[in-house]
Amino acid sequence: MGSSPYSRVVSRPNWERKSKQSTKFGRYFGKFEAKRFSLGLIGFCSLILLTFFSVSKIFNSSTPLLDIGTKNEVERNNFRNMEEISVLKESDSTQSDITTQKQQTENNVNLEIDSANKQDIIISKEEDNTMLDNDVSLENNLTIESNSSNKQSIVISATGEEIEVESTEIKSTLTCDENSKDEGFPYARPAICEMTGEITISPISSLITLISSPDQGYEEKKIRPYARKDDNLLPKVKEITIKPVFRESEVMQCTITHEVPAVIFSVSGYTGNFFHDMADVLIPLFLTSYQFNSEVQFFVTNYDQKWIQKYQPILGGLSRYNIVNLDRDKNLHCIKHAFLGLFRDRDLIIHPHPTRNPKSYNMLDFKKFLRQVYALKMSAPIFVGEQLHKRPRMLIISRKGTRKILNLRGLVRVSKELGFDVVVSEAGGNVKRYAQLVNSCDVMLAVHGAGLTNQIFLPPKAVVIQVVPWGKMDWMATNFYGQPAIEMDLKYLEYNIKEDESSLIKRYPRDHVVFKDPYSFHLQGWETLSSVIMSQNVKLNLRRFRETLINALDLLQE
């Protein structure tokens, strides 16, 4: 019976033991050879199995056998696969997660990053069916960098190209025009600030907060939102503070959120005077808000219900939303775009400007807007002689206070003799009713003052006659009403009275400074100018003034 490493040892007879002893070493050597042969056989079988599985794996691979070729090529492809997996691997992943993540790369890969920057970036990548696309997929590996100050992201490809990823937050901006001046009108344009981003308006504390970042360098601003720069107005106009903050935790939770821009302004200052109502509030408000096509929210400080009601057609034409009273409202308002203050140009004038008037509106646009909100019908004055028995209509604006026309009846008589249909009326009262009266006239005549502001209701090509009082008033007359009339496509005439047509001749002797050097009163300030020069009445030299009326008729024939 042959021996083997697993055979059982049995006892043998004595006669065999001696004969076997001589071959004991041989038998031991035989056992050793059999054992080595068995181990070799097992190793050979294992090698065959390992080779079989390796070849099977190669044939089952998605990469063609011809492309693997060499050991170096296989190692390079394995290295590329590992680089793809490394894009997905998190820092705390265990080795066992690699297999799962590699399986995920064969499908769409979604990387969702929701960090302290509060942004979501989704990167989707589909692998091709073959390993030949590994070179392309390697170039598509992405690195994501985030800028925490403005919540913007940059995606950097393996080739070094930077790609901007759309941010979920609008970067805040704060732009203020605080030093705007105009030759001849150093007070005309006060400070105004425009903001975009995360904005809150707290009426009860007169505070606007703007979420920004420290590197933007915004400073706290205090603005009085009235569209005239005049130190005398400062105590009257409520001050609003703009405060940049760097964390949302510093802002209280909003109670009202607005989806439209906000315009914040005051109706204090010189309002109550028709000239200042238009020049300081309504025209600047048009310039600031008309671009939004009524989709704008007004916030009013120094709130005056009577003033708001008086100009409701204009306010309602510019915004379809109820006005927020900044003096009493207790809500906290959230908004994305806001203006604190109003853009303005010179008095009753709008010129194109890259920042103050980027839409290039003008006074004709404003007049067209007024025609709509007040339902003004007449679009052109009469052409004298075109219609038989049709007389041009002239409005004489009378005054009860200062700068009255003392010989008003004589003026009416001469005007009718020349062929005018004359209407005498004092400005004021119901704005819509008076606007329609002015719009029905071909000529408007008035002594220098707020009543001349009503020329904004005249039809284009109508005639404006300004009677200029004594006392070097030509500069004020031209800038306040003469040049604006031309800007409104009106025909303008000016009549400057002489010394003997002024009531000042009865108050002061001929050699008084008021006649010798009237400009000195201008240099002493508005109060002095108002108490002397602006307090006079006029008595027109009707023979001399007749020529001005004839010129008006001539202009209606052009």
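The values are calculated or read from the model by the stated rules, or taken from the named source; none is laboratory data. From a predicted model like this one, the values you see are computed outputs, not experimental measurements. With ideal geometry, Cβ positions are generated from the backbone for all residues, glycine too; neighbour counts draw on all protein chains shown. Each accessible area value is taken on the protein alone, full model and side chains, heavy atoms only, with ligands, DNA and RNA left out. Shrake-Rupley method; radii C 1.70, N 1.55, O 1.52, S 1.80 Å.
Relative to the Cα centre, the charge distribution of segment 487-548, modelled as +1 at Lys and Arg Cβ and -1 at Asp and Glu Cβ, gives a dipole magnitude of about 400 debye. Note on F369 and K506: with the Förster distance fixed at 51 Å, the Cβ-Cβ geometry gives a FRET efficiency of about 0.70. Taking segment 339-360 and a reference point 7 angstrom along Cα→Cβ of Q291, the backbone N atoms nearer than 18 Å belong to 339-346, 350-360. For the pair D554 and N273 in one chain, pulling the backbone fully straight at 0.36 nm per residue adds 97.9 nm over the alpha carbon distance. The residue list C334, T288, L411 was ranked by how far each Cα lies along the charge dipole of segment 272-428 toward its positive end, using unit charges on Cβ atoms, and L411 comes out on top. Surface composition of segment 255-308: carbon and sulfur atoms hold 46% of the protein heavy-atom accessible area at a 1.4 Å probe. Using a probe of 1.4 Å, the accessible surface attributed to T402 totals some 50 Å² when neighbouring protein chains are kept in position. Subtracting the Cα-Cα distance of L418 and N479 from their residue separation scaled by 0.36 nm leaves 19.0 nm. Taken about its Cα centre, segment 416-558 carries a charge dipole of about 360 debye when Lys and Arg each add +1 at the Cβ and Asp and Glu each add -1 at the Cβ.
Between the residues P459, P392, S425, the greatest Cα displacement towards the positive end of the dipole of segment 322-481, with unit charges on the Cβ of Lys, Arg, Asp and Glu, is found for S425. The distance linking segment 349-363 with segment 487-558 is 32 Å (Cα centroid to Cα centroid, whole angstrom). Placing R0 at 35 angstrom, the Cβ-Cβ distance between E239 and S535 gives a FRET efficiency of 0.55 after rounding to 0.05.
At q = 0.14, 0.21, 0.25 Å⁻¹, what is the log10 ratio I(q)/I(0) for segment 191-283, with the Debye formula run over Cα points and no solvent? Relative scattering, expressed as log10 I(q)/I(0), comes to -0.60, -1.08, -1.32. Full extension of the segment from D517 to E547, taken as 0.36 nm per residue of separation minus the current Cα-Cα distance, would add 8.0 nm.
About its Cα centre, segment 351-489 has a charge dipole of approximately 400 debye under the convention of +1 per Lys or Arg Cβ and -1 per Asp or Glu Cβ, with nothing else charged. Which FRET efficiency value, to the nearest 0.05, do you get for Q216 and T355 by plugging their Cβ-Cβ distance into 1/(1 + (r/R0)^6) with R0 = 30 Å? Between Q216 and T355 the formula returns 0.95. Under the criterion of Cα pairs below 8 Å and six or more residues apart, the relative contact order for segment 419-558 equals 21 percent. Pick out, in residue order, every one of the GluC sites (Glu not before Pro) in segment 345-450 that is DSSP loop and has at most 12 other C-beta atoms within 10 Å; say none if there are none. Taking segment 345-450 and a limit of 12 other Cβ atoms within 10 Å, the loop GluC sites (Glu not before Pro) found are E386.
Rounded if a/c is under 1.5, else prolate if a/b is larger than b/c, else oblate: which is segment 279-392, with a ≥ b ≥ c the root eigenvalues of its Cα gyration tensor? Prolate, because a/c is 1.5 or more and a/b exceeds b/c. Overall dimensions of segment 453-558, expressed as equivalent-ellipsoid semi-axes from the Cα gyration tensor (√(5λ), whole Å, largest first), are 28, 17, 9.
When you count the other C-beta atoms within 10 angstrom of each residue and take the mean per peptide, 511-517, 239-245 line up highest first as 239-245, 511-517.
Placing dummy labels 7 Å off each Cα toward the beta-carbon, the span from L408 to H389 is 3.1 nm.
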